[in-house]
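This report refers to the structure that appears directly beneath it.
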Amino acid sequence: MAETTYQPLKVYNTLTRKKDLFVPIAAPYVGMYVCGPTVYNNVHLGNVRTFLSFDILFRYLTHIGYKVRYVRNITDVGHLVGDGEEGEDKIGKMAKLQKVEPMEIVQLYTNDFHDVSAMFNLLPPSIEPTATGHLIEQIEAVQSLIDKGMAYESNGSVYFDITKYNAAGNEYGKLSGRVLEDLLNETRELDGQAEKRNPLDFALWKKASPEHIMQWNSPWSRGFPGWHLECTCMSAKYLGKQFDIHGGGMDLKFPHHECEIAQGTALTDVTPVRYWMHTNMLTVNGQKMSKSLGNSFLPAELFSGNHELLDQAYSPMTVRFFMLQSQYRSTLDFSNDALKAAHKGYKRLANGLRVSKLLTYVHEEGIEPDEAKKADIEKSIEGFYAAMNDDLNTSVAFANLFSLLKYINMLNMGQLKPAALGEALFTRLKDRFVVFYEDVLGLKEEPAEGHEVLDGMLNLYREYKTAQNYEKVDQIRSYFKQQGLVIRDTKVKIEWAYEE
Ligand code: AMP
Ligand code: ZN
């Protein structure tokens, strides 16, 4: 259920280096583009953290009433090994290694990405364009940049002309805060510079060597498009020459996003993006999790517990909760201990969700309103919104959710009477808890069996207990335990719950 009034949301804008009030170009519509995965191998948990952060943004914008067009591409060409200007295509290289077509690699790992996204309950984007599906747009953009004098051909490749771009009053480096002189010092040693007028110029189109298997015809050579150009073309095609939000991991700020700004501005004379948002990295012992560093975890390793750094398996929702306990701009270190703590916290919340769906309002005469608790519940609901409005501070949002959980548990155990809250606030508490949990934070229940089976087993438990058949009672207890569940048998009630 959407909260129909737009909340005053503030987001940290990398471009202005501060939290800016989010004002869309054409409310209620919001255009949002996120750089998608390069599909040359399995997505790791670091990638998941970034996509999860934008899933939260997508969900929250929708929750507060915006109509979001969320475009997240699939990079299936042009991203070279080492993220630079020279060398093999990541996908082409993998295709050679596995002796298959590049598009088989693309399909395999796109499927993997979709499967992983579904497991972590990431909502699909509104449009998921592929770079190879937009070669015509990219070739047109290259031609247009040449026509505008912002790009030049050299030996069959085409480069963006940084000197011309800056001479026209633009500032290459403004997003990442890079200074041109420093960049020049960094790039001097790289190969492949001979074709460029300025070592900082970047490729829009590259002529392919014969062994480079992914290549297409163009007016300049048989070759392939530059990695940065695809995002410019796909975002402009589906969101317009200027749109609201562009996201990605912090490691993409330079050169990828810097180049996108340069291309977009040179093509249309307007800066393409209003709010640039970047997520911080998932680290392992303080080091960025990445395939090339060999410290990455695959989702499957986590779900099976089959990894030397793990001593048990963790469910997708536990991991989702673990990641969201940190705000997206802080680093997050991945460890077995941190996951263990998250496992406990998540089970407490999961019990709260199950219970809040079962709670019903009962009117009782003679119950005094509990003003202190009522005020605290209101404060926690407001606090949840205030945290999300403060640059999606999910960490503080969870603190407020746990505060609401306390009252849900009190209601469940009869320590707080619904009538002490009044029907309106009781309903609001129940409803907001479920909506925050499921719609905004995107968590969901994950019992092995459906509720009906579990409730049926609980009824059997009650019958065997009355009949004093303790052998059967124990069997049913262990049936629940095998699924990470417990039977809570107290004076107040008998219920099943997630083991915390
Ligand atoms: P790639 O497939 O390498 O293009 O990466 C897909 C997305 O994952 C990009 O937005 C990256 O910035 C992001 N990413 C890669 N490694 C990490 C990490 N360790 N933590 C968070 N995000 C990451
Ligand atoms: Zn991109």
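Please treat every number below as a calculation from the coordinates, not as lab data. Predicted model only: the values in this text are computed from it and were never measured. Cβ coordinates were reconstructed from backbone atoms using ideal geometry, including for glycine residues, and neighbour counts include every protein chain displayed.
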LYS253: which aspartates and glutamates have alpha carbons under 13 Å from its alpha carbon, excluding same-chain residues fewer than 8 sequence positions away?
ASP83
Charged-residue dipole, Cβ positions (Lys, Arg, Asp, Glu), segment 451-498 about Cα centre, Debye nearest 20:
200
What whole-number value in cubic angstrom gives the convex hull volume per residue for the C-alpha atoms of the chain?
160
Amide H within-cut-off set for VAL30, under 5 Å, with H built and near neighbours excluded:
LYS67, VAL68, ARG69
Can you tell which of GLY247, ALA26, ALA372 lies farthest toward the positive end of the dipole of the chain, using +1 and -1 charges on the Cβ of basic and acidic side chains (Lys, Arg; Asp, Glu)?
ALA372
Taking the alpha-carbon centre of each part, the distance from segment 29-55 to segment 120-193 in Å is 21
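Which of the GluC sites (Glu not before Pro) found in segment 29-138 are in a DSSP loop and have at most 16 neighbouring Cβ atoms, other than their own, within 10 Å?
GLU86
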Among the listed pairs LYS373/LYS430; LYS99/LYS206; LYS374/LYS430; LYS18/LYS241, which are separated by more than 22 Å between their Cα atoms?
LYS99/LYS206; LYS18/LYS241
Okay, helix-only estimate at 222 nm for the chain: each DSSP H run of n ≥ 4 adds -39500 (n - 2.57), divide by all residues, round to 500 deg cm²/dmol; what do you get?
-14000 deg cm²/dmol
Tell me, which longest segment in the chain has none of the trypsin sites (Lys or Arg not before Pro) that fall in DSSP loops with at most 10 further Cβ atoms within 10 Å?
189-490
Long-range amide H partners of THR130, meaning residues 5 or more apart or on another chain whose placed amide H is closer than 5 Å, are ILE74
Using the charge dipole of the chain (Lys, Arg: +1 at Cβ; Asp, Glu: -1 at Cβ; taken about the Cα centre), state which of ILE408, ALA141, PHE384 has its Cα farthest towards the positive end.
ILE408
Over the chain, calculate the relative contact order: mean separation of alpha carbon pairs under 8 Å at least 6 apart, over the residue count, as a percent.
16
May I ask you to work out the translational diffusion coefficient for segment 1-109 at 37 °C, viscosity 0.692 mPa s, via Stokes-Einstein with Rh from the Kirkwood sum over Cα pairs, reported in whole µm²/s?
200
Nearest 5 is fine: what % of DSSP beta bridges in the chain come out antiparallel, could you say?
50
Tell me which residues come under 5 Å, amide H to amide H, from ASP20 once H is placed; ignore anything under 5 positions away on its chain.
VAL11, TYR12, ASN13
Is there a quick way to get the dipole size of the chain? I mean about its Cα centre, with the Cβ of Lys and Arg at +1 and of Asp and Glu at -1; what is the value in debye to the nearest 20?
740
So for the pair LEU184, LYS99, with labels modelled 7 Å out along Cα→Cβ, what separation do we get in nm?
5.0
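Tell me which GluC sites (Glu not before Pro) from segment 331-429 have a DSSP coil assignment and no more than 10 other beta carbons within 10 Å of their own.
Loop-located and lightly packed - GLU364, GLU365.
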Given the candidates ALA131, GLY177, GLY156, the one whose Cα lies deepest towards the positive end of the charge dipole of segment 123-213, counting +1 at each Lys or Arg C-beta and -1 at each Asp or Glu C-beta, is GLY177
Taking θ as phi - 60°, what are the ³J(HN,Hα) couplings along segment 209-216 by the Karplus curve (6.51, -1.76, 1.60), each to the nearest whole Hz, with x for Gly and Pro?
6, x, 7, 7, 6, 8, 8, 9
For segment 10-279, the dipole about the Cα centre with charges only on Cβ (Lys and Arg +1, Asp and Glu -1), to the nearest 20 debye, works out at 900
With just the Cα atoms defining each centre, how far is segment 387-453 from segment 462-500? Give it in Å.
25
